[in-house]
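Reading through the structure tokens given below for one structure.
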Amino acid sequence: MNRLVKVLAAMMALLLCLGLTACAGKQGNGDAAVNYSLGLTTDGRFEGIAAKDYVTLGQYTSLTYPEEVTSVKEEDIQTRIDSIMSSHTYTNEVTDRAVQDGDTLNIDYVGKVDGVAFEGGSTDGNGTQVTIGVTSYIDDFLEQLIGHQPGETFDIEVTFPDPYENNPDLAGKDAVFTVTVNHIVETYTYELTDDFVADNLQADYGYTSIADMREKIAADLHDTQVYNYMIETVLENCPVSEVPQKLVDNEITITVKQLKYQALQYNMDASTLFTYYYGVADEDAFRTTYEEDIREQISQYLVMMAIAEDAGLIATEQDVKDYFLEEMDTEDYSEYVKNYGYGYIYRAVTFNNVGNYLQEQNPAPAYASVEEIILPAAEAETQPAE
């Protein structure tokens, strides 16, 4: 299988994988039902809409790639390595030096106002981890720990803000906290060695050595750059005259229904989930905030569908069967149909067909060795910024 990401709308195909576990609102489930196939025909086309009527198809095959797209920078390889290694760390408890700005500490404390301990003002001896300059505490609580030694117990004075939403009774009051610094927490990244890679990164990433890790990361960066450039170029070459409003409305309806169904499943107020997922208070605010983003998403769908119409890539029943067998190792996709409907499934597979076709028709220049596509550090610095 081609290593490139296979389709612009890969999230749609991914949702198919998540369907059986993601609280999908099944077809025919009353008011809570989420009709993911809303506005789609059973073979995944837009109902009553020919995408080619809204898309001017320009060049979408035989594209060429500039050198900066088919080359990989050493610094980008190292950034990816550093990112992977940042999740493989260990800690030491340090007790033989004073606390410094930026340190992560384990502390205990008891807070008092007018000599009386108040509710929520103590760690109860369980210890809590904080980072000076990062963790948010009142006033300059954490900064007053700088210079003290682990094992030391001392008092610090702070003033609660006014207003103080966490506990209005404390607003504006002075408090004294008796603090004990238990230890300083120092975090270290494991040394990158061939043995470390084989023992810790092979299962998740398939890396067997540092050299293998570097080569696979370079190949992945190359493929991603090529794919992104291809998609961006295709979209630029195939402008959309307009996006039918009903397609936008359908997508908003699906999203809102899905959120409300999830809220119902968890016995929550829908506004809580609107705020959590989208940072808005309700359905009207969601539409106001996200309608243009959704319009842009539908615009990309129209381009993909127009190419499918033009190149004869609309999913067939055999395409769907092959997709589920190849990607999910199953011939039975009836549960997915219950959750998403035929239209949604066929559209996802159609877009998958388009993604595969675009990659076949727009191959990047071949290379014999990954080293051929890696720019030396000095040369990478002269390449234009992405």
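The values are calculated or read from the model by the stated rules, or taken from the named source; none is laboratory data. What you are looking at is a predicted structure, and each value in this text was computed from that prediction instead of being measured. For neighbour counting, all protein chains shown are included, and Cβ atoms are generated from backbone atoms with ideal geometry for every residue, glycine included. Just the protein is used for accessible areas: all its heavy atoms, side chains included, with ligands, DNA and RNA removed. Shrake-Rupley method; radii C 1.70, N 1.55, O 1.52, S 1.80 Å.
Filter the helices (runs of 4 or more DSSP H) completely within region 179-275 down to those with at least 3 residues that are open to solvent by less than 40 Å² (accessible area, probe 1.4 Å) and of a type in the set (Asp, Glu). Walk me through how you get there before you give the answer.
Numbers: elements: 194-200, 202-205, 210-237, 245-265, 270-273.
Once the helices (runs of 4 or more DSSP H) in region 179-275 are filtered for at least 3 residues that are open to solvent by less than 40 Å² (accessible area, probe 1.4 Å) and of a type in the set (Asp, Glu), nothing remains.
Screening the candidates Tyr346, Tyr333, Tyr357 for the property of being buried (at least 22 other Cβ atoms within 10 Å of the Cβ) and either at pLDDT below 95 or in contact with a Leu (Cβ under 9 Å, 6 or more places away or on another chain) (or both) yields one hit, Tyr346.
With respect to the conditions (1) open to solvent by 30 Å² or more (accessible area, probe 1.4 Å); (2) touching a helix residue (DSSP H, G or I) at 6+ places or on another chain (Cβ under 7 Å); (3) within 21 Å of Tyr229 (Cα to Cα); (4) touching a residue at least 60 places away in the same chain (Cβ under 8 Å), Asn362 falls short on a single one, namely (1). Residues that are at pLDDT 95 or above and more than 18 Å from Gly102 (Cβ to Cβ) were ranked within region 126-141; the one that is surrounded by the fewest Cβ atoms within 10 Å (Cβ to Cβ) is Asn126.
Restricting attention to strands (runs of 3 or more DSSP E) lying wholly within region 84-173, give those where 1 or more residues are without any contact (Cβ under 8 Å) to a residue 40 or more places away in the chain.
Values: elements: 89-94, 104-113, 116-122, 128-131, 153-159.
Per the criteria, 116-122, 128-131, 153-159.
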